[in-house]
Amino acid sequence: MKHSLSFLLLISLLFSACGAPPPATVIPTKLPVVATETSVPVMDTETSQSVEKQIEELLARMTLEEKIGQMTQVEKNSIKPGDITKYYIGSILSGGGGYPTAENTAQAWYAMVEGFQKEALATRLQIPILYGVDAVHGHGNLRNATIFPHNIGLGAANNPELVEKIGRATAEEMLATGIPWNFAPVVAVVQDVRWGRTYEGYGEETELVSSLGTAYLKGLQSLTAEDNPVPGQSIFVLGTPKHFIGDGATIWGSSRTENYQLDQGNMQVPEEFLRQILLPPYQSAVESGAMNIMASFSSWKGTKMHAQQYLLNEVLKDEFGFNGFIVSDWQAMDQIYPDDYYASIVTSVNAGVDMNMVPYDYVTFIETMKSAVNNGDIPESRVDEAVRRILRVKFALGLFERPMPDTKYQGTIRSREHLELARQAVRESLVLLKNENDALPLSKDMPVIFVAGVGAHEIGVQSGGWTLEWQGKVGNDNEGTTILSGIRSAAGSDTRVEYSREGDFSEFKDSTGNPLIADAGFVVIAEKPYAEGVGDQADLSLSQAETKLITAMREQSQTVIVILLSGRPRVITEQLPLAEAWVAAWLPGTEGAGIADVLFGDFPFTGKLSFSWPRSNEQLPINIYNASDKTGCEAPLFPFGYGLEYGHPSPEIEPC
Ligand code: GLC
């Protein structure tokens with residue numbers, strides 16, 4: 001860990017003081033330089049000057065309506081036929097679950113996007129649309145896409161090269177559907193694991209988040225010769241570091257959205273903390289070629305991020321030199337003044353948001369913008385700046401030359417290469433929390449194995465949110481392998497593997513007619529899929545039913561191994577003694593068989609926690625910044641960076 005103890009103590013003091021009015025702090029004029037090993041190839045000067053010249057020439061020809069149209073992003077189910085042309089709409093998106101009505105195949109997606117694109121190219125200036133989607137762990141909306149572990153698992157793997165390849169693979173499967181814009185990665189430095197979006201983050205520590213967010217962005221955006229870039233193209237698929245800024249550092253109970261508690265809430269940290277802990281992943285992303293950033297629903301010191309002129313304009317655009325465009329979150333502008341739409345739009349556009357994810361009532365937005373410019377409340381020069389930034393990105397993607405991608409990428413969907421990559425990611429994401437008496441690895445000629453729990457055989461459960469539907473979808477709609485199928489494939493041919501969702505194996509008898517006792521019993525404990533604030537949860541402890549699954553297996557097996565499928569650490573202190581081994585498997589995606597690869601010792605455990613593991617609900621929020629000086633029962637159950645390996649004894653866990 002590169003943070004000095006004194007710095008961590010300073011931070012923990014700042015953090016603990018964050019409830020109180022922040023002390024007057026000297027703001028560092030120079031941001032900490034975050035080492036960025038990589039950067040996305042940028043255009044050479046001559047090409048860049050040529051593009052800037054083309055942008056200015058195009059801008060000079062645009063009417064106010066055509067400019068405002070470019071600032072308008074509409075959800076694909078809300079755009080009326082012909083309106084892209086009529087209103088010069090610049091962007092369309094699919095929200096979570098926004099697949100084509102016809103059928104959820106790459107070809108149907110491609111045809112849908114192409115249809116919208118044709119409408120855009122029918123406008124006077126033929127400015128192509130930019131279509132965006134949340135492919136946060138693979139192209140989740142697409143049925144039978146390769147679904148990778150959610151970022152919490154990639155944080156445990158902490159392998160930038162692997163994450164870069166995942167970015168590339170995701171980009172290929174997106175282009176297979178005609179989509180060149182991914183609202184990812186989340187680069188929140190998550191401070192409270194009760195947050196429903198914890199799993200979308202890589203971790204709680206700044207440098208890990210910067211490193212992996214930048215690697216993913218490079219994977220998404222970097223071009224290769226095989227991509228046959230058009231002149232002036234510098235980006236393969238556009239990434240979106242999000243949500244700027246402090247989405248994962250809000251205070252419990254501060255959200256004003258529905259019954260959310262943390263998500264979209266208020267962050268009260270001093271600017272010193274914001275700059276030292278939360279900002280570096282964005283600085284690293286901008287230095288690595290980020291050309292789009294999404295503003296956060298959340299607030300800082302009571303002001304919505306979508307109205308934070310200082311952070312959007314002065315820090316991100318001026319101080320960092322960010323020359324792409326800022327997109328709003330879903331209808332987030334409207335939240336600034338809930339009773340005054342006009343004031344919300346004026347405030348947010350003037351604060352620096354360049355494109356509005358409206359996403360429904362685009363006519364009202366367009367009319368409001370026209371009024372605001374005609375009233376002088378939004379200078380037309382501000383509109384020009386926003387459109388300039390949007391056009392810059394469309395040129396960087398080569399959309400004017402090639403509005404729709406080559407269909408050759410359709411062959412990459414669930415390709416052997418992508419599946420092997422996903423399975424590798426699953427293996428490397430696993431964290432071994434406990435392994436008493438070397439319960440793991442299992443031998444492949446073990447006579448009897450029991451497997452219990454709904455999560456053991458449901459690809460939808462192991463994938464989590466943002467998969468097929470916004471909130472995820474239980475069941476097995478997607479192709480892939482489950483934990484159970486992986487165990488069955490890995491075990492020897494003479495091994496008997498029995499499965500019971502409810503954990504009842506009483507029907508199975510041994511040769512003497514007595515109840516069959518397994519040599520090893522796996523209990524898969526799984527969170528039900530969730531997304532965003534729907535997943536905000538104060539109680540992370542295991543339920544009675546989940547505990548019962550473990551105690552029942554205790555009666556039916558010599559050895560008990562618990563596998564946790566979750567979007568965050570759960571409170572397992574009380575149940576820890578009930579099983580010899582515990583594995584954190586997070587949300588592995590479609591290639592669950594990667595888990596068996598490690599359980600049977602074909603591969604080692606290498607994963608390390610990217611989040612502090614709480615001992616109790618009462619400890620929350622607990623993280624490396626506010627717990628660095630905590631010891632004994634005050635400390636997390638397992639610290640950031642913890643993870644056992646085969647051959648190393650399981651440490652004694654002190655009861656508290
Ligand atoms: C959601 C999320 C954001 C996502 C957007 C589009 O509300 O906050 O992460 O990119 O809407 O689906």
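Closer than 22 Å to Gln575 by Cβ and in contact with a helix residue (DSSP H, G or I) (Cβ under 8 Å, 6 or more places away or on another chain), is that true of Val523?
So Val523 passes the test.
The conditions are (1) surrounded by fewer than 20 Cβ atoms within 10 Å (Cβ to Cβ); (2) out of contact with any Phe, Trp or Tyr (no Cβ under 7 Å at 6 or more places or on another chain); (3) within 21 Å of Asn375 (Cβ to Cβ), and Val349 fails exactly one of them. Which is it?
Status for Val349: all satisfied but (1).
Within the range 64-100, work out how many residues are of a type in the set (Ser, Thr, Tyr), within 15 Å of the ligand (Cβ to nearest atom) and out of contact with any strand residue (DSSP E or B) (no Cβ under 7 Å at 6 or more places or on another chain).
Residues in the range 64-100 being of a type in the set (Ser, Thr, Tyr), within 15 Å of the ligand (Cβ to nearest atom) and out of contact with any strand residue (DSSP E or B) (no Cβ under 7 Å at 6 or more places or on another chain): 2 in total.
Among the strands (runs of 3 or more DSSP E) contained in the range 459-577, which hold 2 or more residues that are within 16 Å of the ligand (Cβ to nearest atom)?
Where strands (runs of 3 or more DSSP E) fall fully within the range 459-577, none carries at least 2 residues being within 16 Å of the ligand (Cβ to nearest atom).
Just to be sure before I move on: is Gly201 surrounded by 24 or more Cβ atoms within 10 Å (Cβ to Cβ), under 27 Å from Val113 (Cβ atoms) and in contact with a helix residue (DSSP H, G or I) (Cβ under 7 Å, 6 or more places away or on another chain) in the structure I sent?
No.
Evaluate the range 111-130: report whether one residue or more is free of Cβ contacts under 8 Å to residues at least 60 places away in the same chain, surrounded by fewer than 20 Cβ atoms within 10 Å (Cβ to Cβ), under 28 Å from Leu433 (Cβ atoms) and away from the ligand (no atom under 16 Å from the Cβ).
There is no residue in the range 111-130 that is free of Cβ contacts under 8 Å to residues at least 60 places away in the same chain, surrounded by fewer than 20 Cβ atoms within 10 Å (Cβ to Cβ), under 28 Å from Leu433 (Cβ atoms) and away from the ligand (no atom under 16 Å from the Cβ).
Which of the following residues is within 19 Å of Arg402 (Cα to Cα) and surrounded by 18 or more Cβ atoms within 10 Å (Cβ to Cβ): Ile84, Ile68?
Selected residue: Ile84, the only one of Ile84, Ile68 that is within 19 Å of Arg402 (Cα to Cα) and surrounded by 18 or more Cβ atoms within 10 Å (Cβ to Cβ).
All but one of (1) surrounded by 14 or more Cβ atoms within 10 Å (Cβ to Cβ); (2) of a type in the set (D, E, K, R); (3) under 29 Å from Gly96 (Cα atoms) hold for Asp539; which doesn't?
The number of the failed condition is (1).
All but one of (1) more than 16 Å from the ligand (Cβ to nearest atom); (2) on the phi < 0 side of the Ramachandran plot; (3) surrounded by 23 or more Cβ atoms within 10 Å (Cβ to Cβ) hold for Gly398; state the number of the condition that does not hold.
(2)
Could you list, in sequence order, all residues of the range 59-87 that are under 26 Å from the mean Cα position of the chain (by Cα) and hydrophobic (A, V, I, L, M, F, W, C)?
Selection gives Met71, Val74.
Take the residues of the range 599-633 that are without any contact (Cβ under 8 Å) to a residue 12 or more places away in the chain and within 20 Å of Trp252 (Cβ to Cβ): which is surrounded by the most Cβ atoms within 10 Å (Cβ to Cβ)?
Once the filter is applied, the top-ranked residue is Lys630.
Given the condition closer than 30 Å to Ser610 by Cβ and either acidic (Asp, Glu) or out of contact with any Cys (no Cβ under 6 Å at 6 or more places or on another chain) (or both), answer yes or no: does some residue in the range 107-118 qualify?
Checked the range 107-118: no residue is closer than 30 Å to Ser610 by Cβ and either acidic (Asp, Glu) or out of contact with any Cys (no Cβ under 6 Å at 6 or more places or on another chain) (or both).
Do the conditions hold for Ala307, that is, is it out of contact with any Leu (no Cβ under 7 Å at 6 or more places or on another chain), more than 13 Å from the ligand (Cβ to nearest atom) and free of Cβ contacts under 8 Å to residues at least 12 places away in the same chain?
So Ala307 does not fit the description; no.
Quick one: in the range 101-110, which of the residues that are free of Cβ contacts under 8 Å to residues at least 40 places away in the same chain and either hydroxyl-bearing (Ser, Thr, Tyr) or within 16 Å of the ligand (Cβ to nearest atom) (or both) is surrounded by the most Cβ atoms within 10 Å (Cβ to Cβ)?
Per the criteria, the residue is Thr105.
So how many residues does the range 396-414 have that are within 30 Å of Ile487 (Cβ to Cβ), out of contact with any Ser or Thr (no Cβ under 8 Å at 6 or more places or on another chain) and outside any helix (DSSP H, G or I)?
0
Please specify each residue of the range 444-458 satisfying the condition of being part of a loop (DSSP other than H, G, I, E, B), in contact with a strand residue (DSSP E or B) (Cβ under 9 Å, 6 or more places away or on another chain) and surrounded by fewer than 23 Cβ atoms within 10 Å (Cβ to Cβ).
Answer for the range 444-458, where residues must be part of a loop (DSSP other than H, G, I, E, B), in contact with a strand residue (DSSP E or B) (Cβ under 9 Å, 6 or more places away or on another chain) and surrounded by fewer than 23 Cβ atoms within 10 Å (Cβ to Cβ): Met446, Pro447.
Is there any pair linking a residue in the range 191-202 that is at negative phi and among the hydroxyl-bearing types (Ser, Thr, Tyr) to one that is within 13 Å of the ligand (Cβ to nearest atom) and not in a loop (DSSP other than H, G, I, E, B), with Cβ under 9 Å and at least six apart or on different chains, and which?
Thr198/Gly535; Tyr199/Asn151; Tyr199/Gly535; Tyr202/Asn151; Tyr202/Val186
More than 16 Å from the ligand (Cβ to nearest atom), over 27 Å from Gly98 (Cβ atoms), without any contact (Cβ under 8 Å) to a residue 12 or more places away in the chain and not small (Gly, Ala, Ser), is that true of Glu205?
no
Looking at the structure I just gave you, is Thr214 of a type outside the set (D, E, K, R), within 13 Å of the ligand (Cβ to nearest atom) and at pLDDT 95 or above?
Judged against the criteria, Thr214 is not a match.
Mind checking whether some residue in the range 340-351 is within 25 Å of the chain's Cα centre (by Cα) and within 16 Å of the ligand (Cβ to nearest atom)?
Checking the range 340-351: at least one residue is within 25 Å of the chain's Cα centre (by Cα) and within 16 Å of the ligand (Cβ to nearest atom).
The values are calculated or read from the model by the stated rules, or taken from the named source; none is laboratory data. Computed from a predicted model, the values in this text were never measured in an experiment. All Cβ positions, glycine included, derive from the backbone under ideal geometry; neighbour counts span all protein chains shown.
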